Structure formats: C-alpha cells, structure tokens
Amino acid sequence: MNSAPAPAPVSAIPGPLIVQSDRTVLLEVAHPLAEDARHDLAVFAELERAPEHIHTYRITRLGLWNARAAGHAADDMMATLEKYSKFPIPQSVSVDIAETVARYGRLVIERDDEGVLTLTATDSAVLAEIARAKKIANLLFEKRGDNSFVMQPWARGELKQELLKLGWPAEDLAGYTPGTPHEIALDHSGGFALREYQDHAVANFFEHGSGVVVLPCGAGKTLVGAGAMATSKTTTLILVTNIVSARQWRAELLKRTTLTEDDIGEYSGQLKEIKPVTIATYQILTARRKGEYAHLALLDALDWGLVIYDEVHLLPAPVFKLTADLQARRRLGLTATLVREDGREGDVFSLIGPKRFDAPWKEIEAQGFISPASCFEVRIDLPHQERLEYAASADDARYRLAASAPAKLDVVRQLVAKHEGERILIIGQYLDQIDELAEALDAPQLTGATSVDDRERLYQEFRDGTTKILVVSKVANFSVDLPEATVAIQVSGSYGSRQEEAQRLGRLLRPKESGLPANFYTLVTRDTVDQDFAQNRQRFLAEQGYSYTILDAHSLDAAAA
C-alpha cells in the first residue's frame, strides 16, 4: 500500500501575502507564516481592514518614509514582500517603493559654519520644483549656488511641514542646542537597568537627533524618557496628558534616576514650578487668556536641551504650531501607536520627527515584559422596542442609543461575577451610563469631574487591592499605571477610535505579580453602528497580532468558559 505523501516543508508553501498594484497587500490569516509576515510587514505598511480570514494592508508614502528614517532600506522592504508573497510582485509596486523611499533625504536641512540654516538638494531640478511652490518660496531667503537656498531662520519647522505635503520629506541635519547642562544619571541600585529594547530605543533616538519611539503600553516608555535624559544631561521639558500622569512621571524619575525633589517641577493648573526638569500638561500649554496662549513663555523659560512629548499621538493641534518653533531643541515623542484619528501623522513626522524605534506588541510579550491578553467582543441584541427606537432615530443619535443600551448592564454583571476577586476596570463613554454602572455594582467611579487628589486615592486603592472594581471614563485611557488590573470591560467608547482601543487594552498589559491572565471585553450591540465602529477600533490591535473572540451575550458563560 502506498503511504501518504509527506507534507511539503513550510518553505515550499506559497506565501501568505498577495501584493496588488494599488499598493494594498492581502494577508491570509490562517497561513503558517502569517504571524512572521505580519511582524515584518508592519514595519512599513498599515492595516486597513481585519475581518476573520484576510487582512488588508496599505503601503503608504508616510509609512515608507517612517521605515526609511528608522533605518530600513527599500531593498529590505521589497525583500519582505518577495519572501512572503504568493505571486510575483507587480512591477509598478516595486518601482513605486524604490522611488518613494528614494525621496527621503533628497532634500537636507543643514547649518553652515556661520550658523545659517540652508536647504540643499541632491539635484537642482528638485530644488527648482519646490521653490516654485508659493508657501515654500516665502520660507526661503536667497539662492546659494545651484542646489541650495538659505532659509528664513524661523522657518525650520514650517518648511518641513510644507515639504512633506509636496511629497519631498526633508532630512533635518541642522543639529540642536545642547541646552543648559544638568547632571542626570540612571540609578542602578538594586540591580535596575534598562531592558535591551529600551537601550536600543535610546541609542536610535540619539543617533538621529529627534523623533518618535513606539512601544506597547506597559513596556516602559517613561524609562526610555529617563534614559534619554541621562544621555543628554541637560534641562528637560516633559509634556504629558494630565496631572496624574505628571505625578507618575515625577515618581518614576525620582525612583529610577539621580534627580531629587528639588530638580523636578510641576507646571499645571495647580502648580507653576519651573525647575531643571519641568513636567507640564498639554492643557496648561494650550490654555488661552484673551485669545493668547497664556503660558507660552514656558517654552523659553529655560534653555531646554530636550523636550519629551508623552503620548505623542494625542498631541493637541495647537501644540504642533508651538512645536514648529522648537526645532532647535532635541525632541522625543513617546507613544504606543502612531495612529491619529485626525490624520495628522504627517505633522508628527515633520515636527517631532520620524519613527526612530518600534517594538511590536507581541514581540515584547514573547520576551515576558508585558502580559499576554485575550480579547473578546460580546455581542448584545437590542430588545424589540429599543430596536424600533434605534431605527427611527437620526444618524447622530444612533450611536449613543446603541452604545448605552441598558442590556449591557446585565452582561457587565455576568462578567464581574465570572472574574470575582480580580481587579476589574469598567470603562464607559457617557456620564449617565457611568453613574448607572457604579450604582449597580456598588463601585467607585472616576471621571473628568473627579478631583486630582481623589483620582490618585482611587488609583492607589485599586493598586493595593482595597478596591477591586473601578468604573472609569476616558480619563483613565492614558498614562495611568494600574499593573494589577487583569480585566477591562469596555461598555462604550469614542466611536471608532483605534488609539483608544489600544490604550484601553494597554491598561491590562503591565506585568502582574498575581500571574493572572489579562482579559479585555468589549460590549457591542449587534447590527448597529456600535458594531461598525468596533470593527474599526480593533484594526490597530489586529495589526499587532491580537484577535477577538466573538461571544454571544445569551450564552456568555458557556462560550467564555
């Protein structure tokens, strides 16, 4: 009897990718090489759609330029596509990638021996093309030879923005002011040291001068900031999302560096301290009085040698304008995702700097530095009468009706009972919904109206286990360290925000002393815009390798067991 043929070796199996001439790339999720392909593809392509079987990526100009700035050549990107592609790469895609990547660095901003800023091109045709653009012509001062212009001294940031819009990203080699020296070192007592990937992030940042470091929530972005400060040894301005985050930064710097209480100031709505290391909130920097930015002087209060932007994907629009004037100062952006729902990723690229380091979430998880997490989407049916009300409502009212469906409360109760004894975050978008959840579960709530002192108290009670359940609004999305949280139940969110989904899962990824697994539940009302927005929210996490198990609310206990 003939034996069955041996299975083909993995290397002989057609790859999991289909590269198409419109720069989309299809990934076959069930393929044995899918995870490897996803990891390599994410360097330069962005996930657009993530249904069950085929994920769609798009190769964009900004993605290619970010990859190039992070040290990846066009040949490296083509090698990834060729390694995993099921069919030959369309010739138009190969040419587009090579030519797009080659645009980065064709224009260079430099400073001559006399300190004058110049824009130099590798060929005169490119320079002639951009000089004809009205917005750019106003930023240039005079021609210098065939391939160079003297720039307006104030135009460094604005010029980079305008060049990017024209498709000619400039490489900024004009250098940075060293700032006022201030001794800062990491405190290695107790055996503390930066992890290897944190060291690499700091080294890559300083090799290029300015830019963005992308790390998962819980992977120690604050420590990368501390490492950058210890390397630069200069006065530092740190911009953060809120006062709670400011105080967590302060505590971490006091713990992990040689900085003392006298070295670190808080500049917020409550305090106005300016010290060699000053931590300020975005809110205070964008506060207006009589139409003017009331605290703009903070940007020049000291000769800052380093400016750190925490959660750079949340940078308010006015801060981009202010940052355009900070181009002579070294800038470090920290984030878990470069996704911005307002489409201003290009401004992050041109004004803060390109991506300098990126560690995929699953890679850090595999090293044991963040906790593994399981994601569930629990689908809930609207009762008949509520379904009729939903159908008759205007488009702008439908999401709130679906997101705040009363039926979600019973599901929350079931999930809380299932995870009894664990530390559980229940997250909502609407204040009346948060009130109802807190009352039904006899749990404390935390919203934007909660005072800073009460927020810190509630967070600490949750950390030490005095409080097991905390009902929170979106104020807990960012920069909140709750390492022992093992369950998050997302009842409603900000429409289809991918960055919010990533941040909310991130609340669970800190390594846990309990050893318990992390479970992230999103409650979604079936056949409504709530379900449509959920698919969009999940795109970024799908790109990082997380999948959602769909559970039906009617059989929740059996399905989740």
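Leaving out ligands, DNA and RNA, what percent of the accessible area of the range 16-91 is carbon and sulfur, probe 1.4 Å? Before the final figure, lay out each step's value.
Details: 1870 of 3560 Å².
Carbon plus sulfur share of accessible area: 52 percent.
What number, in percent, do you get for the relative contact order of the chain if the mean sequence gap of Cα pairs under 8 Å and at least 6 apart is divided by its residue count? Display every interim value, and only then the final one.
Details: 1056 pairs, mean separation 76.5, N = 561.
That works out to 14 percent.
Accessible area of the range 239-295 with a 1.4 Å probe: how many percent of it is carbon plus sulfur? Present the calculation step by step, with values, prior to reporting the outcome.
Details: 1240 of 2590 Å².
Ligands and nucleic acids excluded, carbon and sulfur give 48 percent.
For the chain, which span is the longest to avoid every loop-located (per DSSP) member of trypsin sites (Lys or Arg not before Pro) having at most 12 other Cβ atoms inside 10 Å? The partial results should precede the final answer.
Details: sites that count: 132, 290.
After excluding every exposed loop site, the longest remaining stretch is 291-561.
Round to a whole angstrom and tell me the spacing of the C-alpha centers of the range 33-65 and the range 334-403.
17
When a/c is below 1.5 the answer is rounded, else prolate if a/b is larger than b/c, else oblate, so apply that to the chain with a ≥ b ≥ c taken from the square roots of the Cα gyration tensor eigenvalues. Before the final figure, lay out each step's value.
Details: a/c = 1.69, a/b = 1.20, b/c = 1.41.
Note, shape of the chain comes out oblate.
Determine, from the Cβ-Cβ distance of residue 288 and residue 464 and an R0 of 35 Å, the FRET efficiency 1/(1 + (r/R0)^6), rounded to the nearest 0.05.
On the way: r = 40 Å, r/R0 = 1.13.
After rounding to 0.05, the efficiency reads 0.30.
Among 136, 308, 369, whose Cα sits farthest toward the positive end of the charge dipole of the chain (+1 at Cβ of Lys/Arg, -1 at Cβ of Asp/Glu, about the Cα centre)?
Of 136, 308, 369, it is 136.
Amide H to amide H, which residues 5 or more places from residue 519 or on other chains are under 5 Å from it, using H placed in the peptide plane?
374, 487, 488
Tell me the GluC sites (Glu not before Pro) within the range 98-135 that lie in a loop according to DSSP and have at most 13 other beta-carbon atoms within 10 Å.
Details: sites: 99, 110, 114, 129; in loops: 114.
In loop regions of the range 98-135 (DSSP not H, G, I, E or B), the sparsely surrounded GluC sites (Glu not before Pro) are 114.
If I histogram all Cα-Cα distances within the range 92-229 using bins 5 Å wide from 0, what percent of pairs lands in each bin?
Percent of pairs per bin, in order: 2, 8, 16, 16, 13, 12, 12, 9, 7, 3, 1, 1.
Spin-label point model (7 Å from Cα, Cβ direction): what's the residue 535 to residue 135 distance in nm?
Going by the 7 Å Cα→Cβ label model, 3.4 nm.
Roughly speaking, what % of Cα-Cα pairs in the range 308-366 are separated by over 12 Å, rounded to a whole number? Mind dumping the intermediate values first?
Working: 1147 of 1711 pairs.
Within the range 308-366, distances greater than 12 Å cover 67 percent of Cα pairs.
Counting only heavy atoms of protein chains, what accessible area per residue, in Å², does the chain have with a probe of 1.4 Å?
Normalised by residue count, the accessible surface of the chain is 42 Å².
Which cross-chain or sequence-distant (5 or more) residues have an amide H under 5 Å from the amide H of residue 355, H modelled 1.01 Å from N in plane?
Residues meeting the criterion, in which the H sits 1.01 Å from N, are 212.
Would you mind calculating the relative contact order of the range 217-369 from Cα pairs under 8 angstrom and at least 6 residues apart, reporting the percent as a whole number?
Details: 206 pairs, mean separation 35.2, N = 153.
For the range 217-369, the relative contact order is 23 percent.
Calculate, for residue 325 and residue 381, the FRET efficiency according to 1/(1 + (r/R0)^6) with r their C-beta to C-beta distance and R0 56 Å; round to the nearest 0.05. Before the final figure, lay out the partial values.
Working: r = 54 Å, r/R0 = 0.96.
Efficiency at R0 = 56 Å is approximately 0.55.
So how do 108, 93 rank on accessible area, 1.4 Å probe, biggest first, that is with the largest at the start?
Details: 108 25, 93 0 Å².
Final ranking, largest accessible area leading: 108, 93.
How many percent of the accessible area of the range 406-561 is carbon or sulfur, using a 1.4 Å probe? List each step's numbers first, then the result.
Numbers: 2790 of 5910 Å².
Answer for the range 406-561 is 47 percent, counting heavy atoms of protein chains only.
At R0 = 45 Å, how high is the FRET efficiency between residue 410 and residue 344 if r is their beta carbon distance? Nearest 0.05 is fine. Don't jump to the answer; show the numbers that get you there.
Working: r = 40 Å, r/R0 = 0.89.
For residue 410 and residue 344, the calculated efficiency is 0.65.
What shape does the range 234-369 take by its C-alpha gyration tensor, where a ≥ b ≥ c are the square roots of the eigenvalues and a/c under 1.5 counts as rounded, a/b above b/c as prolate, and the rest as oblate? Walk me through the numbers before you get to the answer.
Numbers: a/c = 1.75, a/b = 1.16, b/c = 1.51.
Here the range 234-369 falls in the oblate category.
How large is Rg over Rh for the range 357-494, taking Rg from the Cα atoms and Rh as the Kirkwood inverse mean of 1/r across Cα pairs?
1.01
Counting pairwise Cα distances across the range 472-556, what percent come out greater than 21 angstrom?
30
Can you give the longest stretch of the chain with no exposed loop site, where a site means chymotrypsin sites (Phe, Trp or Tyr not before Pro) in a DSSP loop (not H, G, I, E or B) with at most 15 other C-beta atoms within 10 Å? Don't jump to the answer; show the numbers that get you there.
Working: sites that count: 154, 192, 430.
With a cap of 15 other Cβ atoms within 10 Å, the longest stretch comes to 193-429.
Extension gain residue 96-residue 206, at 0.36 nm per residue separation less the Cα-Cα distance, in nm? List each step's numbers first, then the result.
Details: separation 110, 0.36 × 110 = 39.60 nm, distance 3.04 nm.
Net length gain for the segment: 36.6 nm.
The values are calculated or read from the model by the stated rules, or taken from the named source; none is laboratory data. Predicted model, so just to flag it, every value in this text is computed and none were measured. Quick reminder, even Gly has a Cβ in these numbers, built from the backbone with ideal geometry, and neighbours come from all protein chains shown. Keep in mind that these areas ignore ligands, DNA and RNA; they rest on the heavy atoms of the full protein, side chains included. Shrake-Rupley method; radii C 1.70, N 1.55, O 1.52, S 1.80 Å.
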